[in-house]
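The values are calculated or read from the model by the stated rules, or taken from the named source; none is laboratory data. Note that the structure is a prediction, hence the values are computed from the model and not measured. Ideal geometry is used to build each Cβ from the backbone, glycine not excepted, and the neighbour counts take in all protein chains shown. Just so you know, the surface numbers come from the protein's heavy atoms only, side chains and all, with ligands and any DNA or RNA stripped out. Shrake-Rupley method; radii C 1.70, N 1.55, O 1.52, S 1.80 Å.
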Amino acid sequence: MARRCAGTPFLLQLSLLLLLHLGGTLGCASVAVGSHIVPLGSAVTASCIIQRELCRGLEQGKVQISWMLDNKLVAGIQRQGPGGTEVSNLTLPRFNQTQARLWCCVEWNGTKQRVGMAEIRAGYPPAKPLNLSCVLNLGDYGLTCQWEQGTDNHLPTSVVLKCAGSKAQAVTGCIPQGGHSHCTVPRQLLQLYRQMEIWVSATNALGTAESEHLCIDPMDVAKLDPPTLQSIQSIPFQTDCIALAWDVARGTEHMELQCELRYRAPEDTAWALVTGIVGRAGTTQSCGFLFGTQYHFQMRCRRRSASALAYWSEWSPGRNYTTHEKAPTGKLDAWWGAQPAGAGGRLEVQLRWKAPRQREANGRVLGYRVTLSPRRRGRDPPTICNTTHTHCNFSVPAGTRRVYLSAYNAAGESAPTEVVLLERQGQPLAGLRAVPGGERSLWVHWEAPLAPVIAYVLEWQRVTAEPGRCCSCWQMERDGAATTALIQDDIEPFQLYNISLYPLYEGTVGMPVHTTAYSQQKAPSHAPKLHLRRISKSEAELCWEPLPVEMQNGFITSYTIFWANSIADMASATVNPSLSSFVIQGLKPSTLYKVHIMASTAAGSTNGTSLTLVTTVLDDTEIQFLFLTLGLIFVLLMVLLICFQKNERMKEQLWPSVPDPANSSLGKWVPAAVPQEPLQVLTAREPGPAAISTVTVLEGESGKQPGKEPPALPVAPPALSRPYVRQEGPGEPVQYARVGGAGYRGQRLLPEPGPRFYENLRGRG
């Protein structure tokens, strides 16, 4: 596959290689360049000479010479040289590669064959070594030096550390190995306690560079082992001083040393440094320490006679020491609130104060004491509050205007601080505002009042759903001319704070002024949940509960309501954050809508969950009108029905009374004179009207009214009741009896008929 890609048949390549091998390439072609190492970006010249008689296979025909820089074809100028040679000259105006091979090629059977090569490298002169420094190791007294080599020059570079004595020639002190920038000069090449000159030399084909020459006494750059701290104790008579005993490291007992001491308390960020400690060993004293405070001490040394280039030893292992305590000093900042305690004429006082600073506490404060009078020599006043906290609630008799507060530790008690319970009155300050001072701080600004102010008291409370009180969230500004203050204690980002400012005047306390602020804001944690209050065919009223203050993460600037139907007809409206309801108007009847709310602060917005609602077909008023119409129709129908029921005339017109034959008088008797004849029924073959031949007239008894007969005794029913109408043969008359208006003599009553099929139900009712 490789031979096929080269484009030359394998046999032709093999034959050419044999010809060139037999003739020899050294005598066939020679390549010469101006310089094999050149500055990067400079011009390169080269020539290729082909001796035809030495290149077998090229004796006949014209020789074509070409050039290749690595695998890139470059053009040269070919001419005929002396002695039947062919010469090609090449000039590369800018050589921008750090390393490349330049090939001379000839054309043979349509292919380019490489017959000569020259390798070219390019780079820069070596950079000047920088920041040379050396240190003497007292273990083997070898001088270790290090430096910065500078930028890479892309060429092979030899680096040597050279040194020379005051009267000796320069020698190679050491050669760094593995490309490192440090090496160690052995002891036998050094002259201790004498000045020596040391420098670094870097050389490549394009030049040489040397570092700055370092003139030192090797002992001046010796790095000593750190000293040892033996003991630390307080000086009894100088109560803020300590005495520290130390010892030098082994091997440096004969040296005059210069040492430094550093110390700090656990809450300090910077070290305090004590300089000018000289000697071989012993003790040193230092003052200015706080009482009852733990300190961490460390020490280091170097040769006193060394130059400024001398190295300090490492810091010694640390040692802790706590200074002795004394009674607290200074006054306590106190703030109070007072209100009547109801019946009994007493006053409830809420007293708060700031713990003394370390410089004033003089140790660990064990507690605080509140009394009604100052402590006098020989007797202590009664204590109304003794606590380890920085606040206390107690009751005092009405009219009490002063209480006394003091702090105590193991060494004693401070002088009492007088707290005057002043009345709060007067006009509040103007222009109070608070702005973020950082993620956990707030700057408070206000306008100075006209009356002179002694001090200001700032209170702040975190606003939460569950009310609470921070007893330490206050501070006093002693500068009465101040108009700004920085709050840094107990401030958290994304939390709302109520801030109050009290001016303290001579003999009174001004009324407070209030504001709210966030130290940092972000988008709300959640958006309110929407609820549907009412809906019609064109409107929907939505309501929501305000976000809890812990979820707001900032001042709510607006609520935005979004709604859209199924065809993506989107609309929105912005609502004032003080509102908790909104009416969407212009909706389409009987349409499904999706609604959601977005809560926004100055730092971002948060979307709520979606609410799905469907508008009605009719409005409430239309539905009420429809139901009212149906009700009226129903009432009208009921009235008409009742009227029909009560009106007999209308009832007879609609439902006429039909007599029931079964209840007639004729149905209850059988005539005795009528001969019993068999009942003959007309058949279908004997049509024709029946002729009445006999009419029997019955006369009623005197004194009786028709239909008023006494009830007949029950008799056994006859075997077969006879008919009242006798059907004669064809063409014969039919007997028929007509009922009279009175009772009938000699009649035989029939039993009560069974079902009354002809009874008129309505008439009976």
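So, E314, is that one open to solvent by 70 Å² or more (accessible area, probe 1.4 Å) and among the acidic types (D, E) or not? Yes, satisfied. Contact map, segment 612-638: first residue free of Cβ contacts under 8 Å to residues at least 40 places away in the same chain, second residue open to solvent by 90 Å² or more (accessible area, probe 1.4 Å), Cβ cut-off under 7 Å, separation 6 or more or different chains; pairs are T612/K594. If you check T239, T252 for being out of contact with any Ser or Thr (no Cβ under 8 Å at 6 or more places or on another chain), farther than 30 Å from A164 by Cα, modelled with pLDDT under 90 and not basic (K, R), only one passes: T239. Say whether the condition of being among the β-branched types (V, I, T), without any contact (Cβ under 8 Å) to a residue 40 or more places away in the chain and touching a strand residue (DSSP E or B) at 6+ places or on another chain (Cβ under 7 Å) is met by at least one residue in segment 360-367. Looking for residues that are among the β-branched types (V, I, T), without any contact (Cβ under 8 Å) to a residue 40 or more places away in the chain and touching a strand residue (DSSP E or B) at 6+ places or on another chain (Cβ under 7 Å), one finds none in segment 360-367, hence no. Selection over segment 210-238 of residues that are β-branched (V, I, T), under 56 Å from the mean Cα position of the chain (by Cα) and in a strand (DSSP E or B) gives a count of 2.
Of all residues in segment 92-110, those that are open to solvent by 20 Å² or more (accessible area, probe 1.4 Å) have Cβ atoms under 6 Å from Cβ atoms of residues that are among the polar types (S, T, N, Q), 6 or more apart or on another chain, in E107/Q64. Counting only residues that are in contact with a strand residue (DSSP E or B) (Cβ under 9 Å, 6 or more places away or on another chain) and either surrounded by fewer than 14 Cβ atoms within 10 Å (Cβ to Cβ) or not in a loop (DSSP other than H, G, I, E, B) (or both), segment 521-550 holds 16 of them. Looking across segment 148-185, the residues that are touching a residue at least 12 places away in the same chain (Cβ under 8 Å) and at positive phi come down to G150, H154.
Does V457 satisfy being modelled with pLDDT of 90 or more, among the β-branched types (V, I, T) and under 30 Å from the mean Cα position of the chain (by Cα)? Judged against the criteria, V457 is not a match. Among the candidates A334, A308, A355, the residue that is open to solvent by 40 Å² or more (accessible area, probe 1.4 Å) and under 29 Å from W460 (Cβ atoms) is uniquely A355. For segment 552-591, the tally of residues that are open to solvent by 80 Å² or more (accessible area, probe 1.4 Å) and closer than 23 Å to Q520 by Cα stands at 3. If you check P126 against the conditions, is it open to solvent by less than 60 Å² (accessible area, probe 1.4 Å), at negative phi and modelled with pLDDT of 90 or more? The answer is yes for P126. Test N131 against the stated conditions and say whether it is open to solvent by 20 Å² or more (accessible area, probe 1.4 Å) and either in contact with a Pro (Cβ under 8 Å, 6 or more places away or on another chain) or part of a strand (DSSP E or B) (or both). Yes; evaluated as a whole, the condition is true for this residue. On inspection, L641 fails the criterion of being in contact (Cβ under 8 Å) with a residue 12 or more places away in the chain, more than 30 Å from F555 (Cα to Cα) and of a type outside the set (V, I, T). For segment 583-642, the tally of residues that are under 51 Å from the mean Cα position of the chain (by Cα) and part of a helix (DSSP H, G or I) stands at 4. Across segment 186-206, the number of residues qualifying as at positive phi and open to solvent by less than 50 Å² (accessible area, probe 1.4 Å) comes to 0. On the given criteria, is Y518 under 30 Å from H445 (Cα atoms) and crowded, with 19+ Cβ neighbours inside 10 Å? Spelling it out, Y518 is indeed under 30 Å from H445 (Cα atoms) and crowded, with 19+ Cβ neighbours inside 10 Å. Checked against (1) at pLDDT 90 or above; (2) outside any loop (DSSP other than H, G, I, E, B), L347 passes all but a single condition, namely (1).
Is it fair to say T388 is within 45 Å of the chain's Cα centre (by Cα), of a type in the set (V, I, T) and within 27 Å of Q488 (Cα to Cα)? Taking the combined requirement at face value, the residue satisfies it. When R424, R401 are checked against the criterion of being open to solvent by 50 Å² or more (accessible area, probe 1.4 Å), among the basic types (K, R) and under 18 Å from M476 (Cα atoms), R424 stands alone in meeting it.
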